[in-house]
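Note sheet for the following structure.
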Amino acid sequence: MREYLLTLCITAAVTYLLTGPVRKFAIVAGAMPEIRARDVHREPTPRLGGIAMFFGLCAGLLVADHLTNLSEVFEKSNEPRALLSGAALIWLIGVLDDKFEIDALIKLGGQMIAAGVMVMQGLTILWLPVPGVGSVALTQWQGTLLTVALVVITINAVNFVDGLDGLASGMVCIAAAAFFLYAYRIWYSYGIEAAAPATLFSAILMGMCIGFLPHNMHPARIFMGDSGSMLIGLVLAAGAISITGQVDPDALKLFVGSEKAAVHQTVPVYIPLLLPLTIIAVPTADLVLAIVRRTWRGQSPFAADRGHLHHRLLEIGHSHSRAVLIMYFWSALIAFGALAYSVNSASMWIVLGIVFLSAVGLALLLLPRFTPRAPRWAEHLVPPRYRRRRAAAQAEAEAVPAAPAEEEGRARAAAGVPGVNGATSLGTRSRVLDRREAGTSR
């Protein structure tokens, strides 16, 4: 565990320290596109955050290769090299997309090629644990097609949910944490060495997300872009494929002499078709809804719009930060709920706890619809948003048209004019009051 934590910390430190220089490079390189109609942010923000995340991945693998116990993963398995090869390819495609906006079909083809590269080096699904049947061996073509499908689905699910500051990196970090606990339990408790690569991948993935989050939280100073979202999606899929398709369910020995019972016991997180969808269920649901919504309108499934789950949370009335926290909550509930159920599926307390937390989550979703107002005598005891006078003043301010100077500033920001905001430019911050106008030397 100490070596896993050391690898995580090194990955997070490298990612965090490189994100600042990468941000300046992205601004100089012009990887700061204009604001689109579907974007939530109001200021042009640089992309290419995936560059720092990729070098964090390389640093984590390099450190793990020189540690006493984790070095055995590289000696006994070719999966770390397969991951690095596929990650390098998908990262290059993402960097080109962040800079030049390449076609969606080209990106899809690149995702399939990256998955194929990993399959050629041994990172593939060898068999499927089917409830009531046991382990079903797959042919080479069946394993290849299923592996490529899982990689493409997971990459696009993470890419589609990357719409708010800190949303994708935070949700993937939560999923990676739950997956790390599950993989570490199989590797350490049951002594199955085949689960060690997946445990390493999830630890490195957590480090990549933790190191990038401080720069990406609202208001974000840099976006990960497709170079980052597709990268972390591929790493997450690689871990799921590694532990699901190459670990023999009967080796768990949950029921001695009964492979069918062992498979049935671990079905909540063990079927490859469910494992990636369980740990990123919210992004996957958003992906499915987006495809259905766009094809129903006669549009391409890759056509961008403002109908994602995080957009709907903003339309309901949630703030940017609250919408992100709500998505975090549901991701953690589903991921850790599945983890707890896999440990003890017979416990009724786990089911009741999941039901109770789901009710809490639904109440948080509907919170803007039922915003209470405190009586006048208790207004000084509650936050400002619950005060009647403040609410009335805010409504009056919204009814007054914006000043010409403010309208001009918004137009310049929407047009992507450099120098209009401090989060995305190298010049002076517009929010800071000029010292000479303020009449003070501070």
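The values are calculated or read from the model by the stated rules, or taken from the named source; none is laboratory data. Since the structure is predicted, the reported quantities are computational estimates derived from the model, not experimental observations. We place every Cβ from the backbone using ideal geometry, glycine too, and count neighbours over all the protein chains shown. We work out accessible area using only protein heavy atoms, side chains counted, and drop any ligands, DNA or RNA first. Shrake-Rupley method; radii C 1.70, N 1.55, O 1.52, S 1.80 Å.
Tallying residues that are open to solvent by 10 Å² or more (accessible area, probe 1.4 Å) and at pLDDT below 90 within region 151-173 yields 7. Contact annotation: residue pairs with Cβ atoms under 9 Å, 6 or more positions apart or on different chains, pairing a residue in region 167-192 that is assigned to a helix (DSSP H, G or I) with a partner that is of a type in the set (Asp, Glu), are Ala168/Asp162; Ser169/Asp162; Trp187/Glu193. Scan region 344-363 for residues that are out of contact with any Phe, Trp or Tyr (no Cβ under 7 Å at 6 or more places or on another chain), modelled with pLDDT under 80 and surrounded by 12 or more Cβ atoms within 10 Å (Cβ to Cβ) and jot them down. Within region 344-363, Ser345, Ser347 meet the criteria.
Among the residues of region 279-317, those that are at pLDDT below 70 and surrounded by 20 or more Cβ atoms within 10 Å (Cβ to Cβ) comprise Ile279, Ile280, Ala281, Val282, Pro283, Thr284, His308, Leu309, His310. Scanning region 202-224 for residues that are hydrophobic (A, V, I, L, M, F, W, C), within 12 Å of the chain's Cα centre (by Cα), part of a loop (DSSP other than H, G, I, E, B) and crowded, with 24+ Cβ neighbours inside 10 Å turns up at least one hit.
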